[in-house]
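Novice: My questions will all concern the structure given below.
Throughout, read-outs are computed from the coordinates displayed, never taken from laboratory work. Since the structure is predicted, the reported quantities are computational estimates derived from the model, not experimental observations. Cβ placement follows ideal geometry from the backbone for every residue including glycine, while neighbour counts extend to all protein chains displayed.
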6 protein chains.
Amino acid sequence: MKVSARNALSGKIVDLKKGTTTSHVVIDVNGMKVTASITNEAVEDLGLKVGGEATAIIKSSDVIIAVA
Amino acid sequence: MKVSARNALSGKIVDLKKGTTTSHVVIDVNGMKVTASITNEAVEDLGLKVGGEATAIIKSSDVIIAVA
Amino acid sequence: MKVSARNALSGKIVDLKKGTTTSHVVIDVNGMKVTASITNEAVEDLGLKVGGEATAIIKSSDVIIAVA
Amino acid sequence: MKVSARNALSGKIVDLKKGTTTSHVVIDVNGMKVTASITNEAVEDLGLKVGGEATAIIKSSDVIIAVA
Amino acid sequence: MKVSARNALSGKIVDLKKGTTTSHVVIDVNGMKVTASITNEAVEDLGLKVGGEATAIIKSSDVIIAVA
Amino acid sequence: MKVSARNALSGKIVDLKKGTTTSHVVIDVNGMKVTASITNEAVEDLGLKVGGEATAIIKSSDVIIAVA
């Protein structure tokens, strides 16, 4: 599968916190932390767990640019 | 200024393409390319140009997780 | 590849309009039209064209519910 | 009321799961499941319940395209 | 129609700039400017023009909080 | 710090509700309520509390336009 979203950052899951409906997944991408807020259902469906490989996919229109 | 968005990826602007209303900005973050689709007005307001420093800010709820 | 996004609607591309930086892709999903606004770069990278098969992927946090 | 969002998928609510602050609503749209992650406050305000009619509204810029 | 999105800011359209596929609409909400990036198709479908009344609708999950 | 997001609405926090992973923050902006759904981690990191000053930042591509 190929996706239109321009950003794909791969790494290892270093943290996973489940809420009642929403989970937070943290991926370590070359030393940078990337956090995703996804449904608990997705966590189970994808079998996510700390130590596993995962990719953060982000649409360009969801990226804000900041300058100092 | 501090923002609630959990993801901030800093680097150098390596590409900048202006459309009629929307621009695409590509930042090199430690060798990874991150693309943002923003308004032309923002490009001018922030004085973005190739070679400049910039940070990509992404809200956790906009991050999708993929596994192989 | 498996994604955390809970919504995947598959169909055939029935319209594709390119702007200077942003394209609009319309998929016919069982008679319903689904429109996506994506980068021109993605259109080329995925080789999208009218008549081709494609899937619209949507994160649950991007879905608004309306009632009459 | 008319909205700029190009995608409106109508159906019946088939599942509704409340978390502490965030609810997941699943609509059956012609046999396809569409999941929305919305605030509990919205669920109460709109009087959503399983069996009720509802429409999923999605902005084109939130739709990702995937190809096999 | 009632929507789950928690934010609705009403005002008058004070600027409207059309691109090749994407338009920018600026609403004056009690003296504050709110900018929306929407499809040209939506501009035509809703008959938007400078001076007209319009409401900006924003999902809570798309709002970032910043502090000084 | 300057951001590309075109919308910044400043006010006072009038409500803050914490869930297991996700919090809802309500800002009063000149009498209008603006709700943000953010991570609990962000609430702690920014030290948000009722009565404090805060700014809601919203990307133009996340704004939907509605007309009566």
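Novice: Shielding of B:6-12 by partners, i.e. mean partner chain Cβ atoms within 10 Å per residue? Before the final figure, lay out the partial values.
Specialist: Values: counts 12, 11, 6, 8, 3, 0, 0.
Whole-number average of other-chain Cβ neighbours for B:6-12 is 6.
Novice: For B:Lys18, which aspartates and glutamates qualify as cross-link partners when the Cα separation must be under 17 Å and same-chain residues fewer than eight apart are set aside?
Specialist: B:Glu41, B:Glu44, B:Asp45, C:Glu41
Novice: Scan chain E for the residue whose Cβ is closest to the axis carrying it onto chain D, then write down that distance in whole angstrom.
Specialist: Here the value is E:Met1, 2.
Novice: Relative contact order of chain E, please, whole-number percent, based on alpha carbon pairs below 8 angstrom and at least 6 residues apart. Could the numbers behind the result be given before it?
Specialist: Working: 111 pairs, mean separation 26.6, N = 68.
The normalised contact order for chain E reaches 39 percent.
Novice: Say we join alpha carbon atoms closer than 10 Å with springs in a Gaussian network model of chain F; which of F:Thr21, F:Thr35, F:Thr55 then has the biggest fluctuation?
Specialist: With Cα springs under 10 Å in chain F, the top fluctuation among F:Thr21, F:Thr35, F:Thr55 is at F:Thr21.
Novice: Sticking with this one: Mind checking the mean number of beta-carbon atoms from other chains within 10 Å of the Cβ atoms in F:48-59?
Specialist: Values: counts 3, 0, 0, 0, 1, 2, 5, 7, 9, 12, 12, 20.
Mean shielding by partner chains, rounded to a whole number: 6.
Novice: Have a look at F:Gly52, F:Gly19, F:Gly11 and tell me which one the Gaussian network model of chain F (Cα, springs below 10 Å) gives the largest fluctuation.
Specialist: F:Gly19
Novice: How far is the Cα center of the range F:1-44 from the Cα center of the range D:24-42, in Å?
Specialist: So the separation of the two Cα centres works out to 24 Å.
Novice: Given label points at 7 Å from Cα along Cα→Cβ, what nm distances, shortest first, separate A:Lys18 from the same residue in every other copy?
Specialist: Nearest first, the other copies' label points are 2.2, 2.2, 4.7, 5.1, 5.2 nm away.
Novice: Hey, for E:Lys2 with labels 7 Å out along Cα-Cβ, what do the inter-copy distances come to in nm, ordered shortest first?
Specialist: In ascending order, 2.4, 3.8, 3.8, 4.3, 4.6 nm.
Novice: Continuing with this model, one more query. From the label point of D:Val50, set 7 Å along Cα to the beta carbon, how far off in nm is each other copy's matching point, shortest first?
Specialist: 3.4, 3.4, 4.4, 5.4, 5.8
Novice: Now for a different question. So what's the convex hull volume per residue for the Cα atoms of chain C, in Å³?
Specialist: 120
Novice: Still on this structure, please answer the following. Taking beta carbons within 10 Å but only from partner chains, what does the mean come to for residues B:39-47?
Specialist: Values: counts 12, 4, 7, 10, 2, 0, 5, 6, 2.
Per residue, the number of nearby Cβ atoms from other chains is 5 on average.
Novice: For the range E:48-60, in order, what is each residue's ³J(HN,Hα) by Karplus, 6.51 cos²θ - 1.76 cosθ + 1.60 with θ = phi - 60°, in whole Hz (x at glycine and Pro)?
Specialist: 3J(HN,Hα) across the range E:48-60, in whole Hz: 5, 7, 4, x, x, 7, 7, 10, 8, 10, 9, 6, 4.
Novice: Please list the three semi-axes, largest first and in whole Å, of the ellipsoid equivalent to the protein assembly as shown, using sqrt of 5 times the eigenvalues of its alpha carbon gyration tensor. Present the calculation step by step, with values, prior to reporting the outcome.
Specialist: Numbers: eigenvalues 126, 125, 125 Å².
Over the Cα atoms of the protein assembly as shown, the semi-axes work out to 25, 25, 25 Å.
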